[in-house]
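Okay, here's the structure, questions in a sec.
The values are calculated or read from the model by the stated rules, or taken from the named source; none is laboratory data. Given the structure is predicted, the values throughout are model-derived calculations rather than measurements. Virtual Cβ from ideal backbone geometry, glycine too; neighbours counted across all protein chains shown.
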Amino acid sequence: MAETRSTCPYCGVGCGVIIEHDERQIISVRGDEQHPANLGRLCTKGSTLHLTATPALTRQTRLLQPMRRLQRGAAPQAVGWDAALDHAADRLAAIHAQHGPDAIGVYVSGQLLTEDYYVFNKLVKGLLGSNHIDTNSRLCMSSAVAGYKATLGADAPPCSYEDLAHAQTVFITGSNMAWAHPVLFRRLEDARRANPAQRWIVADPRRTETADAADLYLALRPGSDVALYHGLLHLLLQEGLTLPDYIAAHTAGFDALKQRVAAFTPEHTAELTGLRIEDLRTAARWFGSSPATLSLYCQGLNQSSSGTAKNAALINLHLACGQIGKPGAGPFSLTGQPNAMGGREVGGLANLLSAHRDLANPAHRAEVAALWGVPEVPGKPGLTAVEMFQAAADGQIKALWIACTNPAQSLPDQATVQRALQRAEFVIVQEAFSTTATAAFADLLLPATTWGEKDGTVTNSERRISRTHAALPPAGAARHDWDIAADVARRLAARIAPERVAMFDYRTPEQVWCEHRESTRGRDLDITGLSYAMLEAQGPQQWPLPEGAMAGRVRLYEDGVFPTPDGRAQFADVAYMPLAEPCDDAYPFGLLTGRLRDQWHGMSRTGQLGRLFGHDGLPSVEVHPADLARLGVAEGELLRVRSRRGNVVLSARGSERMAPGQVFIAMHWGGEVLGGVAAGGVNALTSPAFCPRSKQPELKHAAVAIEPVALPWRLTAMAWLPEGEAATLRELIKPAMAAFGYACLLPFGREPDAHGRSGLLLRAGATGRVSEAVLAPLRAAFGVDGPQAISYLDPERGQHRAVRVRANEAGAEQLDAFWLVGDAGADLHGDLRGDARSDVRSDARGDAKSEAWLRSLLESDAALPNPARQLLMPGVLAGQQMAPISPQVCTCFNVNEAVIRQQLEGLEGSPDHRLTQLQAALKCGTNCGSCLPALRSLVKCVEVRVAVAAVG
Amino acid sequence: MGMCWKRAVDEVREFLGPSSNGSAMKKLQLVMIGNGMAGVRTLEELLKTAPDLYDITVFGAEPHPNYNRIMLSPVLAGEQTIDEIVLNPLHWYARHGITLHLGKAVVRIDRARRVVVAADGTEAHYDRLLIATGSTPFVPPLPGRELEGVISYRDIADTEAMIDAARTHRHAVVIGGGVLGLEAANGLRQRGMSVTVVHLAAWLMDRQLDRTAGGLLARTLGERGLSFALVSQTAELLASPQGRVRAVRLQDGRELPADLVVMAAGIRPNTALAEAAGLLCQRGIVVTDTLQSVTDARIYAVGECAAHRGVAYGLVAPLYEQGQVCATHLAEHGLGRYTGSQVSTKLKVTGIDLFSAGDFMGGEGCEELLLNDLRSGVYKKLVLRGNRLVGACLYGDTHDGPWYLDLIRSGRPVAALRDGLIFGQAACESLAALAAPAGNTPATSTFTPRRPALQGA
């Protein structure tokens, strides 16, 4: 058994992980106690990484060899690496020759390692001769980049995680860090526990679990962030809480800003944001009068058509109060991806150059050209993510090379994105997983290594560079991303610029990294004092760490000097702009998007594990109960959500976490899990409108209409399948989702499963009967056809219920699969009359009950009624003794809300004491802690009933 | 009540004329031809209500008192003895003063003299005659049907012949995969013979089961060692040099070794005597709803030999129903009408539960409900027409068969029970119980949300 130190491939907290393996397969993973980011902790996602890398899953979901699709829509054929790379080079060279460098777009990812990123960037800017390289970081961090640069002069988060412990006031704005950055949130909880005087302000249109934990919660209107910050500055000035000396000594441009915020009186701000004046005043006081105020922010600010303005307006507050450059203070952008920072460092975006250099700066271009040994690098900004796909959809971009990201899930306005992928003449998808929506569009699929196999470096939110080590050799024929890029570059150079072949002569990631390191010399992120050897010996290091330095810098701007021409920070006099797409009569609801606790991004990795759907296992649109009532829609019914760009059908879920008029859909639900004729997932709805400065699209808000959808024909199927086949079957079923008006396809279960099973769930709806040609293969996949199945059929009424049972080792029967088809529309075309009608309506209710009952039997491996065919009884009779399913709270120990409530009723004492006892009793929240916010809320709301219990 | 009833009987008696208004001392003469289950059950019913009305004479062709013919199969299978299946031992006849002529086949009915004549010349006068001659096996006109070792399956003698053959011979072929044929085949198999059933249709018991149930039955019987030649027709029976049957040749040319051939290709109402007496016979002696022959009101007919509304029943339940009605009329109570029976089938093979009733094949204008649990050998099909249950075919779990039969007979609307119907009476009762208080709660959730709902504590 061996152990390998590496990093978690999910969010930007950048946790260290220790991979336990036997050099052939990964056995387990645990938090690295020596890693300064997480000190041994991991969240639900990180702690289950090993389960996403099992041989069974790898075999089924990984891209294991280069593949070529000879015809779009056909199954791809395996080819050798040489043939694949020559084909790539031939096609790119031909397009380059015929249409010029502007016809090729390269779209990469914040999940690439710094070394991968570096080679891709050099390939585009140093070989192809364009700047058409952009990354999914554009969807994530580009407003933060632009905000930092506009105010502080450089794209550098000035804070460190240790500042969480020093802060007196924490302003969390546009971030649900309890779910999106759980390990950092644990650190923040620790900080408040150690210093009960620490106060949290949370500003978010949604009352998230982060907001639940706030001392002051500001439920601002979507998009009104700039108004809030300007209003707070107005109040800070009014109350004399700014720091004029600091402003005078270290900043510029305050007067203009002061004039602007004069208009943002408390009354006006309250009107714009929907907040109460006294809350605004409290927030201003807590912000301005605290010895150390730390702002933590993320996509709520960034994914906006005024993302740069939001970032800059928040930073204004820190500059005005001198809340920067000291322990516990500063504007701290939380990064969404594990290496968005690294990508920014190597300049892997359409408007950046290596080492935080600017494209527009001729001196910077000359420096980069000199480093690379080329006459020049192009100065014309390249197409950013949204623009690149729009250009491809319009036919200007002919070739798309997509690496380590899934634009057919994650980009806004999927209709355009899909048109782009169809219209492009040549699409390369360089990926670890064969299961992404984008892979289906590829002409050439290049298999890349992924977590557990990759070797290089990443930089996390606090500028800390960590080594990522490979525990295993590459799966199948996969190669490292930098290696593939360099190989293509050499072959391409041989065809279009033979003198540049040598530019890509890399043999190790360290070689690439050393070249990158040299590019940082003298820059704000200078790491010339750092080496792979130092990272090995001393562990992760923060930048800058110039030659001669012994350690990286914990905190920037402590001297009040900023990386601007005059050394002063610049106040950003930004206007408050409303949402790009305000609600109107036709689209009266504001769609908000965000994360789920146990999923990450487009779910190409987390979405393979059933256990990560335990917390939320149904694509839903959250709607305020008052709006649901107004629409006459009940919880769980299907709704069509429609924007100007597309529509999607999913389940309604009542939630008071948003104000009426707002709805919420998790960003994860892409076409891979949510199908139907209107495929494309949540991003079929979202808007491509972007911030003019950062070019980051407004993924957080779109105007939508919601309406009940009549899909009386319903199917729910769930099955335990052999873990070696489940993912393959899921891929086989995916195309069938288009046959329905609504479909969702998800795994379930709790890996590792003692019986070697994986769960698969399919829900679908249609306007009428669905043909046997569609259904028969699905029944076969779920194993609910043939003689092993028990079935009930009422063809006239469109009812078909089937179960598959299996005898366990002890001989007891357990439920292995069920299939429920009902057609609530049958009374319309059947010949039932009169009295039968009310009965038909009760069916829909009954089927839901059947489903809940069967699901609980299936998931719990519970004993079945004898004979098992009773499982097919009509829904209203199904499991009459059954308790309702209780939502899962703790994923690690699979503890549900009902059990927690019951336990809490018997626990007395202070909230902390009750929580401790609860944890001792049920273990919930004692592993990764991601459910602690939910547990605290439960402690708060469940009253002690000891006395009652004693009497009863 | 009792008084009124007595008076009504007296009035009927008066109305009937000389034979009944004469001396009360002289009993009426009731003669019954046939000593089987339908007839004797009629007598039993009659004796319950009018024990002293008749002098009763019974002619039986077999040398046995009334026995349960249905239980011949368990006898053949070695699970019961002849003694155990006797329903009315000789002392029963004696106790009721019944003159019993065993082993005497009646050969003639003289309607003018109101006399029946047996083969040995025994005569009996009747005031009322009850014909309960049952049925005879249909023997297809196959070459070789007369060979030794070729028998049909109807009575104790046939059963004993089969039991004998099983002791000394190895190969049996049963022609006909209906109830009788399968019971014979099963019995012979139980007695150690290797048995092949030759059946014309595509599945066994095609008159009583649908294809799926027939398939399940074949699977079960196959597991017990029976072989089947389905969609097969017998061409001829081949003889051994000794003149005993040695093989069955099918029309497709196959030859099945056979030391014993059991003909079970159906039954025919035994109406030769009635026809000879000039009674109208059309697939049985045509009877009215009072079970009287339409030709002669003194003559009644019950059981397999009677054709009521075009149907000659071959199952015990309707025969008993006929017997009950017939008895009230014989008793001169004149109560009740027989309006036909909804029949159901069972197979008397231990461990095999099947049940069918009504129009279980469905078809135009019908809707089907199906339950398949082939793994447990359970299959159910219900056929509905409009709002009513019209047919049922059950295999493996026949517990609710009688309830379905009742629903078919009563024609009660079942739409409200539809979803629970196939799960049986208990499920439907629960359904009804739930429906009552639930009323018209609107349809709501189709899925239980799986997220913590912390608000509203």
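Just give me the residues in region B:230-246 being surrounded by fewer than 20 Cβ atoms within 10 Å (Cβ to Cβ), in a strand (DSSP E or B) and aliphatic (A, V, I, L, M), in sequence order.
Residues satisfying the conditions are B:A235, B:L238, B:A239.
Scan (1) more than 8 Å from chain B (Cβ to nearest Cβ); (2) crowded, with 21+ Cβ neighbours inside 10 Å; (3) of a type outside the set (A, V, I, L, M); (4) touching a helix residue (DSSP H, G or I) at 6+ places or on another chain (Cβ under 8 Å) for the single condition A:D785 breaks and write down its number.
(2) is the only condition that A:D785 fails.
Then there is this: When the residues of region A:922-946 are filtered to those that are loosely packed, with under 15 Cβ neighbours inside 10 Å and away from chain B (no Cβ under 14 Å), which remaining residue is modelled with the lowest pLDDT?
Taking the candidates together, the pick is A:V946.
Considering region B:186-213 alone, what residues qualify as being assigned to a helix (DSSP H, G or I) and over 21 Å from B:A77 (Cα atoms)? Spell out how you get there, then give the answer.
Initially, region B:186-213 is screened for residues assigned to a helix (DSSP H, G or I), giving B:186-190, B:211-213.
Those that are assigned to a helix (DSSP H, G or I) and over 21 Å from B:A77 (Cα atoms): B:R211, B:T212, B:A213.
Which members of region A:175-202 meet the condition of being part of a loop (DSSP other than H, G, I, E, B), over 18 Å from the mean Cα position of the chain (by Cα) and among the small types (G, A, S)?
Our first condition is that a residue be part of a loop (DSSP other than H, G, I, E, B); within region A:175-202, this holds for A:175-176, A:181, A:195-198.
If we keep only those that are over 18 Å from the mean Cα position of the chain (by Cα) too, we end up with A:195-198.
Of everything in region A:175-202, just one residue is part of a loop (DSSP other than H, G, I, E, B), over 18 Å from the mean Cα position of the chain (by Cα) and among the small types (G, A, S), namely A:A197.
Still on this model: Has region B:278-298 got at least one residue that is in contact (Cβ under 8 Å) with a residue 40 or more places away in the chain, of a type outside the set (K, R) and on the phi > 0 side of the Ramachandran plot?
yes
Filter region B:247-269 for residues that are closer than 23 Å to B:G34 by Cβ and surrounded by fewer than 22 Cβ atoms within 10 Å (Cβ to Cβ); which is modelled with the highest pLDDT?
Of the residues in region B:247-269, the ones closer than 23 Å to B:G34 by Cβ are B:263-269.
Retained after the next criterion (residues that are surrounded by fewer than 22 Cβ atoms within 10 Å (Cβ to Cβ)): B:266-268.
Numbers: B:G266: 91, B:I267: 91, B:R268: 94.
Within region B:247-269, the match that is modelled with the highest pLDDT is B:R268.
Let me ask something else about it. Please go through region B:387-416 and give me each residue that is without any contact (Cβ under 8 Å) to a residue 24 or more places away in the chain and either facing another protein chain (nearest Cβ under 9 Å) or assigned to a loop (DSSP other than H, G, I, E, B) (or both), ordered by number.
B:G411, B:A416
Kindly indicate whether A:G31 is within 17 Å of A:D455 (Cβ to Cβ), among the small types (G, A, S), touching a strand residue (DSSP E or B) at 6+ places or on another chain (Cβ under 8 Å) and at pLDDT 95 or above.
Details: within 17 Å of A:D455 (Cβ to Cβ): no; among the small types (G, A, S): yes; touching a strand residue (DSSP E or B) at 6+ places or on another chain (Cβ under 8 Å): yes; at pLDDT 95 or above: yes.
Considered against the rule, which asks whether it is within 17 Å of A:D455 (Cβ to Cβ), among the small types (G, A, S), touching a strand residue (DSSP E or B) at 6+ places or on another chain (Cβ under 8 Å) and at pLDDT 95 or above, A:G31 comes out as no.
Right, next: For region B:191-222, what are the residues that are within 16 Å of B:A172 (Cβ to Cβ) and β-branched (V, I, T)?
B:V195, B:T196, B:V197, B:V198
Can you say whether A:Q870 is more than 40 Å from the chain's Cα centre (by Cα), of a type outside the set (V, I, T) and at pLDDT below 90, as far as the supplied structure shows? I'd like the intermediate steps shown before the answer.
Values: more than 40 Å from the chain's Cα centre (by Cα): yes; of a type outside the set (V, I, T): yes; at pLDDT below 90: yes.
Taking the combined requirement at face value, the residue satisfies it.
Of the residues A:A684, A:A738, A:A679, A:A703, only one is in contact with a Cys (Cβ under 6 Å, 6 or more places away or on another chain) and of a type in the set (A, V, I, L, M); which? Outline the logic, then answer.
Values: A:A684 fails: in contact with a Cys (Cβ under 6 Å, 6 or more places away or on another chain); A:A738 fails: in contact with a Cys (Cβ under 6 Å, 6 or more places away or on another chain); A:A679 fails: in contact with a Cys (Cβ under 6 Å, 6 or more places away or on another chain).
Testing whether each residue is in contact with a Cys (Cβ under 6 Å, 6 or more places away or on another chain) and of a type in the set (A, V, I, L, M) leaves just A:A703.
Residue check, A:A392 against (1) in contact with a strand residue (DSSP E or B) (Cβ under 7 Å, 6 or more places away or on another chain); (2) farther than 15 Å from A:Y107 by Cα; (3) aliphatic (A, V, I, L, M), all met but one. Which one?
(2)
Can you find a residue that is in contact (Cβ under 8 Å) with a residue 24 or more places away in the chain, under 16 Å from B:M32 (Cα atoms) and not polar (S, T, N, Q) anywhere in region B:134-155?
Yes: one or more hits.
Which residue out of A:A717, A:A702 is crowded, with 21+ Cβ neighbours inside 10 Å and under 27 Å from A:Q814 (Cβ atoms)?
On the way: A:A702 fails: under 27 Å from A:Q814 (Cβ atoms).
After applying the criteria, what remains is A:A717.
Right, next: Looking at the structure I just gave you, is A:P205 surrounded by fewer than 24 Cβ atoms within 10 Å (Cβ to Cβ), part of a loop (DSSP other than H, G, I, E, B) and not small (G, A, S)? Please lay out each step first, then the result.
Details: surrounded by fewer than 24 Cβ atoms within 10 Å (Cβ to Cβ): no; part of a loop (DSSP other than H, G, I, E, B): yes; not small (G, A, S): yes.
Spelling it out, it is not the case that A:P205 is surrounded by fewer than 24 Cβ atoms within 10 Å (Cβ to Cβ), part of a loop (DSSP other than H, G, I, E, B) and not small (G, A, S).
Next question, about the same structure. For region A:319-343, give me each residue that is closer than 15 Å to A:G12 by Cβ and outside any loop (DSSP other than H, G, I, E, B).
Taking region A:319-343 as the starting set, the residues that turn out to be closer than 15 Å to A:G12 by Cβ are A:332-343.
Selection gives A:F332, A:S333, A:A340, A:M341, A:G342, A:G343.
Each row is one residue, and each column tells you yes or no for (1) out of contact with any His (no Cβ under 9 Å at 6 or more places or on another chain); (2) within 15 Å of A:A705 (Cβ to Cβ).
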{"site": "A:F589", "(1), (2)": "yes, yes"}
{"site": "A:T593", "(1), (2)": "no, no"}
{"site": "A:D598", "(1), (2)": "no, no"}
{"site": "A:H601", "(1), (2)": "no, no"}
{"site": "A:R605", "(1), (2)": "yes, no"}
{"site": "A:L609", "(1), (2)": "yes, no"}
{"site": "A:V621", "(1), (2)": "yes, yes"}
{"site": "A:D627", "(1), (2)": "yes, yes"}
{"site": "A:E637", "(1), (2)": "yes, no"}
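Determine whether region B:300-318 contains at least one residue that is in contact (Cβ under 8 Å) with a residue 40 or more places away in the chain, over 30 Å from B:R170 (Cα atoms) and among the charged types (D, E, K, R).
The answer is yes; a qualifying residue exists.
I would also like to ask the following. Only helices (runs of 4 or more DSSP H) wholly contained in region A:462-569 count here; list those with 3 or more residues that are within 30 Å of A:A83 (Cα to Cα). Full working, then the answer.
Values: elements: A:481-496, A:509-519, A:532-538.
Result: A:481-496, A:509-519.
Please determine whether any residue of region B:48-58 is within 24 Å of B:P318 (Cβ to Cβ), part of a loop (DSSP other than H, G, I, E, B) and over 19 Å from the mean Cα position of the chain (by Cα).
Yes, region B:48-58 contains at least one residue that is within 24 Å of B:P318 (Cβ to Cβ), part of a loop (DSSP other than H, G, I, E, B) and over 19 Å from the mean Cα position of the chain (by Cα).
Can you tell me which residue within region B:347-371, out of those that are outside any loop (DSSP other than H, G, I, E, B) and more than 13 Å from every other protein chain (Cβ to nearest Cβ), is surrounded by the fewest Cβ atoms within 10 Å (Cβ to Cβ)?
In the first step, residues of region B:347-371 are kept if they are outside any loop (DSSP other than H, G, I, E, B); the result is B:354-358, B:366-371.
Still in the list and also more than 13 Å from every other protein chain (Cβ to nearest Cβ): B:354-358.
Details: B:L354: 25, B:F355: 26, B:S356: 27, B:A357: 25, B:G358: 22.
Here the answer is B:G358.
So that you can scan it fast, the table gives a plain yes or no per residue for (1) at pLDDT 95 or above; (2) crowded, with 21+ Cβ neighbours inside 10 Å; (3) within 11 Å of another protein chain (Cβ to nearest Cβ):
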{"site": "A:D753", "(1), (2), (3)": "no, no, no"}
{"site": "A:L762", "(1), (2), (3)": "yes, yes, no"}
{"site": "A:G768", "(1), (2), (3)": "no, no, no"}
{"site": "A:E796", "(1), (2), (3)": "no, no, yes"}
{"site": "A:Q799", "(1), (2), (3)": "no, yes, yes"}
{"site": "A:E809", "(1), (2), (3)": "no, no, no"}
{"site": "A:Q814", "(1), (2), (3)": "no, no, no"}
{"site": "A:A817", "(1), (2), (3)": "yes, yes, no"}
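Something else: List pairs: first in region A:225-241 and over 14 Å from A:I277 (Cα atoms), second of a type in the set (V, I, T) and modelled with pLDDT of 95 or more, Cβ under 9 Å, 6+ apart or cross-chain?
What qualifies is A:D225/A:T173; A:D225/A:T273; A:V226/A:V574; A:L237/A:V261.
To continue, here is another question. Pairs needed: first member in region B:339-368, within 26 Å of B:L319 (Cα to Cα); second member anywhere, aromatic (F, W, Y) and assigned to a loop (DSSP other than H, G, I, E, B); C-beta distance under 7 Å; at least 6 residues apart or different chains.
If the second residue must be aromatic (F, W, Y) and assigned to a loop (DSSP other than H, G, I, E, B), the pairs left are B:S341/B:Y313; B:V343/B:Y313.
Report, ordered by the first and then the second residue, all pairs with beta carbons closer than 8 Å, sequence separation of six or more or different chains, a first member in region B:89-106 that is without any contact (Cβ under 8 Å) to a residue 60 or more places away in the chain, and a second member that is part of a loop (DSSP other than H, G, I, E, B) and small (G, A, S).
Short answer, once both residue conditions are applied: B:G103/B:A61; B:K104/B:A61; B:K104/B:A119; B:A105/B:A61; B:A105/B:A119.
Same structure, new question: Residues that are of a type outside the set (F, W, Y), modelled with pLDDT under 95 and in contact with a helix residue (DSSP H, G or I) (Cβ under 6 Å, 6 or more places away or on another chain): does region B:173-190 have at least one?
Yes, the conditions are met somewhere in region B:173-190.
Do you know which of the residues in region A:101-112 that are of a type in the set (A, V, I, L, M, F, W, C) and under 18 Å from the mean Cα position of the chain (by Cα) is surrounded by the fewest Cβ atoms within 10 Å (Cβ to Cβ)? Explain how you work it out, then say what you get.
So the first thing to find is which residues in region A:101-112 are of a type in the set (A, V, I, L, M, F, W, C), and the list is A:103-104, A:106, A:108, A:112.
Keeping just the survivors that are under 18 Å from the mean Cα position of the chain (by Cα) gives A:108, A:112.
Details: A:V108: 27, A:L112: 35.
By that ranking, first place goes to A:V108.
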